[in-house]
Amino acid sequence: MVISEKEYNSWQETNYLLGTKANRKALAHSISQLDNATNHHFLTPAEFDRMSADDQA
């Protein structure tokens, strides 16, 4: 079977993120917080850029 480089990289990233018990626990916690939230707000690219700039300042 042959897969694209993009798919392979995605697979590698998933393996990395799920590679330790601590990461799996943190990801599960984050997902449960999102599932339990009544209001969802997804950042726009501009909001994300502003937050990133604030962190670097």
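Here are some notes:
- So LYS21, is it basic (Lys, Arg) and surrounded by 10 or more Cβ atoms within 10 Å (Cβ to Cβ): no
- All positions within the stretch 36-46 that are under 25 Å from LEU17 (Cα atoms) and modelled with pLDDT of 80 or more: ASN36, PHE42, LEU43, THR44, PRO45
- Selection from the stretch 15-43 of residues that are among the β-branched types (Val, Ile, Thr) and either under 12 Å from the mean Cα position of the chain (by Cα) or assigned to a helix (DSSP H, G or I) (or both): ILE31
The values are calculated or read from the model by the stated rules, or taken from the named source; none is laboratory data. Because the structure is predicted, anything quoted here is derived from the model rather than measured. Using ideal geometry, Cβ is built from the backbone for each residue, glycine included, and neighbour counts are taken over all protein chains shown.
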